[in-house]
Structure formats: structure tokens, C-alpha cells
Protein chains: 2
Amino acid sequence: MAIRFTQNPIITTKDITPSQSGFVVECVMNPGAFRFEDKIWLLLRVSERAPQKEGKVSLPIMKANGEIRHLEFDQNDPQLDISDPRKFSYNGNMYLSTISHLRLVCSEDGIHFYEPKDFPAKIFGQGLLETYGIEDCRVSFFEGFYNLTYTQVSENGVGVGLIRTQDWKNFSRMGMILPPHNKDCALFEEKIGNKYYCLHRPSGIGLGGNYIWIADSENLTHWGGHQCILHTREGMWDSSRVGAGTSPIKTKEGWLAIYHGADHTSRYCLGAFLLDLKDPSKVLARSSVPIMEPTEDYEINGFFNNVIFTNGHVIDGDKITMYYGAADEVICAAELSVSSILSSLNKKESLI
Amino acid sequence: MAIRFTQNPIITTKDITPSQSGFVVECVMNPGAFRFEDKIWLLLRVSERAPQKEGKVSLPIMKANGEIRHLEFDQNDPQLDISDPRKFSYNGNMYLSTISHLRLVCSEDGIHFYEPKDFPAKIFGQGLLETYGIEDCRVSFFEGFYNLTYTQVSENGVGVGLIRTQDWKNFSRMGMILPPHNKDCALFEEKIGNKYYCLHRPSGIGLGGNYIWIADSENLTHWGGHQCILHTREGMWDSSRVGAGTSPIKTKEGWLAIYHGADHTSRYCLGAFLLDLKDPSKVLARSSVPIMEPTEDYEINGFFNNVIFTNGHVIDGDKITMYYGAADEVICAAELSVSSILSSLNKKESLI
């Protein structure tokens, strides 16, 4: 159903200059995507690591004032757990192995991307809620504003931040709009019944799980009316976690949302679900099988194996040009069709 | 510093009639407290259990339509973990051992409480987000409304709900105002700089912890501007979790908030912190040692040992009459003094 670009991966770490000397770009992934000034733009997540000294494991942390400091651990320290390449655990405390910022690139053809000359290319974390970086930005456009919903990471927890811009030169930081633990926030690109809506993914401890929720707002910064709309499904490809991609696509049949589902081996596939046009808390249909799963070498082998993760696409009629992170390391693209996804959905699937 | 009522415990399970035949009242605890019609009122949390058959463990769950169904497990099933009296774990899924609702009682003297005749005495969970019950309600009064912020529990997760009433006869349910995992939401009883504020306690997975956050709102139902203001403190009495009591008390020196802190043995004590009057995200001082800790038999031995937990008090000048759950089983009261707590706070304590 998905036609991958023959040029995949279209962006790799070799294409990205480090944000500061001494840093190594470890991954470039999970781009937001949008149209602006007749071009296609991506807002990449760039993950960087400090150079590793022999026998040591070190990681960068940003102070609230923007300075970087390095934490360093002895590689053989028994309190250090480096079994997951994405993070360290030391003496029960968790750290990320890399720090991410967002990087702006643009393209005439949607395949070959470059850094724009007249725009600030980098957005870094700021303040106490972003000291471990910012990640996985969705870009939604409506009412003249680009709305950037992204993951804020710090020792205080993982939440959702909002940045707004009209011109990609001046940015308004609106703070944390969804408190920990929350990720994968996708705004609907128009009001429904006089309210804004978003999909989001709180993670429970004990009760609950990694489910997709919906919320409403009058101003995009303050959210309420939280409802749980999509569960994981035991024994299926989305048994462990589900999370929205970018903004749902408005169709005659309903709001079509693409989402990622991971199983208990952390294999990430993509699926879709359909929401009622007037009441987007109602799920009408859902994928029984993935619409896309890791099959190519660049999706199977990388920084974190077996991952297809999307938080950005551009739409042209029935055509979805979807950008995605592959194996948590590189950026790829594929074409999908709105009507094909719609006709693949199972309307009898247990929806929650 | 705290003078316990000689009548403690003032309410026990013997004082509470079950909400339906066949149910057993296991605990009565963690009351919200307020003044209304020249009386002192408590909104109790009543936890009930289904009668246990020999060799079985059963627990009640409410369906979205309000009907109760019972889940039953074989006591010797190796997949069943009943090591914590508050919950079951079965095959990796968590359930509560009891289901809670809220129960209204009133008193002329603040010591002897009875069910009011002309008011609905029970508030039950409703809908998909409260199927495992509702718990630990704070009651705040301002602008003519009583605002009930409470814990909503279901298989979807644990979040904060809001109910509003003016007369304790007609109630408006405002839905989930803070998504999972969140508890311990205490509203400030007036606007500060044109905004409402609340303290809340999201729980992180991986990064973050059980910290106290602050948020702001224009309408009490939609919240944003989330900031982390109070961490747990390693090696201290509040090393594992902290959470706000009820509404902060306005004093000349700042907003005085009473909070619970638990250590790694889940011993719950009370402390306090002081917030800036104009910018309540600024912590000015904090307790180094508890203002109250479990010392009495009814606090040390019960359904869950070594717990003092408060989410309700009434204020009369310098006097705080604090109601609290003891050992997660009974309700007690104590008098504290605003000025004594203020003078006990450490202004040099590391605040976050």
C-alpha cells in the first residue's frame, strides 16, 4: 500500500552538521512536515552525542541557561545499564544517551532537502522542562499560524510543548500544554463545533497504558475534556503502545488519523483509524493489519532496529507524501493514498 | 505542632452503611472538608469490597452504565499478586481491591458527623473514566461554587476530574481536567493575576517522578502552563512521592500549602511549603522535617500501615482544623496553627 521513495533514505546523519564542535550527530529522524512559500519543509529531530572517551560513557545535558554540561560514567560501573541504546540507567535514575534539537530544511521536489538561507535553522530546548532536549515535532497549519507540538524532555518528566510561528523567523513559546507523561500530540487543523481538538498519548503507571486520548481547547494552550479513544490490542502488532502521527486528514468519511503501534518487542509499524467528523472522540474504524511495517534494510537495522515512526506528511488530493524516521536513525519517505487507507480499515474492529 | 483530637478516630468503617447490599465497607478515609450552611461538612472516600468467597479473590468494577460486575480470581493462581492490600496484579494487569465512592456527612461541632437528610449523600463514579471508582476529593469554595477535584480511576488510567455545585443538590460534571497519570489536584481559592491556578501531581515513567506541579486556567476545566515546582528529596521523609493536600492557605507571607510526602517504605507524613503570593510557581520555603508523622496506633496500624494523608481542612483565623485519613482506614482530625507552620519552614532548603 505504501510506495517507498527509491531515494530512501533521503536524509542521513552525513547530511547534518553538528550543532556545536565536539558533538557527533547520532540520528536524524521523525520530521514534522509542512508547505511554506511553495516549498516542502521538514523540521527534523537531530540527536547528538558527546564524543565518547575510552572506557567512559558520557552524555550531554543542557542547563536552563542553555549551556551544555557533560555527565560522565565509568563504562564498567555495575550501576550503569546501557542495554537500551536510547537511554542510560544509573543507580535507578534515567538519562538519555543523546540530546535532540529540531532542524529546519526545505526542498523544491520533496526529495532533496537543504538548509534554508534566510531562516533560523535550529530550534533548541529552553528552560527547566527541556534540559534533555526536544523531540518529534508535529507541524500543523491553520488560521495563519504554524503550530509546533513537540516532546519536552527533562529530569522533571516528558511532556508536550507548543511553539507558534507565522513566518518561521519569530517564534512564540507557549510552554508545556500537556503534563507528564505525554507525547505524540497531533492538532486537528480546524475547529470542530467551536473548539480545537488534539490527539495525545499519556502513559499510565499501574493502571492504564500507552493509549491515544483526545482533548479539546479554546486557545490551543489550555486543554481539558480528556477522553481515551484508542487502546493497544493484546497479541497484535500494536499490543504495547499506540500514538498519533501528525494532524488527522479530513475526508468525507471522517477524520483519518495515521498512528504508530509497537508490539512487545518494540517493533514499530503504522496503522490508521477513522474519527467521526462532528464528534472526533468517536472511532468509526481501525486498521486490523499495519498499513506499513519495517521491511527494508534501513528500517530493520539502525540505531534502534525495526522502527517506522511518522509525525509528518503533506497532502495533495488523494496523495499522502509521508516522511518518517526509519530504525530511529535516518529519514525516509513514502507515498500512500487516502482512499486506499480508508478502504483498508475494519469497521467491525474492537475500537477501544 | 499538631494537636490530635482526643476523639480520634472520629469516623470508622462501623459508622458507614454499605452503598449496596452485599458490599463490605473496607475503609473510610481522605475526606474533603468545607463549610456550608453554618456546619462543617466532609466528603469522605468510602472504599468497598465484594464479600470474598473461600479460596477466591473478587473485586467490584463499575460498568459505564453504573452496573456493578465482579471479577473473580482463584486465590492460588500463580499469576495473581496480592502483596499490596490496595491492589491486585493479575497476568501483568492491575486492578484495585476495592471500589471507592464519595459520601457526604456534616457536623455542628466538627467532631460528630452524620449523614444530612436533605442532600444526596453519595457521589458515585460515572462513565468510562471512573469504572474503578472515584477517590480523594478536594473541595474548594470560591465565586459561589464548590469545586470538587478528585481522582478518577479506570482501566484507562488515573486522572483528575472536576464536579461543580452551588447547593450540594445539583452537580455539574466537567469531565477529566488533567490526563493520566495524575492525582492530588488542589485549586487556589482565588484568581491570581486574572488566572486560576492548581497544584497537581503527574507521575512520570522513566524520566521524572512523583513531583508537585502547578498549572493555570481561565475556566477551571482547561489547564496549561504546566511547571514543576517541588521534587522528592533523596534520603529524606519525602523521598518517594509528594502531593498537595487541599487548597493553599493565603497568608501575608505567601500561599501556604500542606502536602504529603512518602518515603521508599511508603510511610506517609505531612509537610508544608510556601509559594509567592503573586507568582505561585515560586517556592519560597519548605519543611525540612514533617509537621506531622504517623505516631498513634490508628495511624501506624490499619488497611495500609503508617499513613497520614490529608486533602481537607477548614480554617478559622490562625487555626487549621485538619481532617485526614489514618492508615488508609479511618478518619481523624487535628488542630494546627498557620503561624507555627510558617515559622517552622526552612527558607534555605533546596526547593526543587
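The values are calculated or read from the model by the stated rules, or taken from the named source; none is laboratory data. Note that the structure is a prediction, hence the values are computed from the model and not measured. So basically every Cβ, Gly included, is an ideal-geometry build from the backbone, and we count neighbours across all protein chains shown. Heavy atoms of the whole protein, side chains included, go into the accessibility calculation; ligands, DNA and RNA do not. Shrake-Rupley method; radii C 1.70, N 1.55, O 1.52, S 1.80 Å.
Looking only at the range A:217-255, filter to residues that are assigned to a strand (DSSP E or B) and among the charged types (D, E, K, R); which one of those is surrounded by the fewest Cβ atoms within 10 Å (Cβ to Cβ)? Outline the logic, then answer.
Within the range A:217-255, the first condition is being assigned to a strand (DSSP E or B), and the residues that meet it are A:217, A:223-230, A:241-244, A:249-251, A:254-255.
From what is left, the residues that are among the charged types (D, E, K, R) are A:241, A:250.
Working: A:Arg241: 21, A:Lys250: 16.
Per the criteria, the residue is A:Lys250.
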Residue list for the range B:220-248, restricted to those being closer than 18 Å to B:Ile192 by Cβ and more than 8 Å from chain A (Cβ to nearest Cβ): B:Leu220, B:Ile229, B:Leu230, B:Ala244, B:Thr246, B:Ser247, B:Pro248
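Condition test on B:Ile258, is it of a type in the set (Val, Ile, Thr), within 14 Å of another protein chain (Cβ to nearest Cβ) and part of a strand (DSSP E or B)?
On the way: of a type in the set (Val, Ile, Thr): yes; within 14 Å of another protein chain (Cβ to nearest Cβ): no; part of a strand (DSSP E or B): yes.
No: the conditions fail for B:Ile258.
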Residue within the range A:78-97 that is surrounded by 13 or more Cβ atoms within 10 Å (Cβ to Cβ), within 21 Å of the chain's Cα centre (by Cα), in contact (Cβ under 8 Å) with a residue 40 or more places away in the chain and not in a loop (DSSP other than H, G, I, E, B) present: yes
Filter result (under 21 Å from A:Cys27 (Cβ atoms) and among the acidic types (Asp, Glu)) within the range A:39-71: A:Glu48
Some residue of the range A:112-129 being open to solvent by less than 10 Å² (accessible area, probe 1.4 Å), away from every other protein chain (no Cβ under 11 Å) and in a strand (DSSP E or B): no
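Scan B:Lys39, B:Lys56 and give me the residue that is out of contact with any Phe, Trp or Tyr (no Cβ under 6 Å at 6 or more places or on another chain), modelled with pLDDT of 95 or more, open to solvent by 40 Å² or more (accessible area, probe 1.4 Å) and not hydroxyl-bearing (Ser, Thr, Tyr). Please lay out each step first, then the result.
Numbers: B:Lys56 fails: modelled with pLDDT of 95 or more.
The match here is B:Lys39.
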Breaking point among (1) touching a residue at least 24 places away in the same chain (Cβ under 8 Å); (2) over 27 Å from A:Gly224 (Cβ atoms), for A:Asp297: (1)
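For (1) crowded, with 21+ Cβ neighbours inside 10 Å; (2) of a type in the set (D, E, K, R); (3) at pLDDT below 95, each residue gets a yes or a no:
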site	(1), (2), (3)
A:Glu293	no, yes, no
A:Gly302	yes, no, yes
A:Asp316	no, yes, no
A:Gly325	yes, no, no
A:Glu335	no, yes, no
A:Ile341	yes, no, no
Failed item in (1) open to solvent by 30 Å² or more (accessible area, probe 1.4 Å); (2) within 18 Å of A:Asp316 (Cβ to Cβ), with A:Pro9 passing the rest: (2)
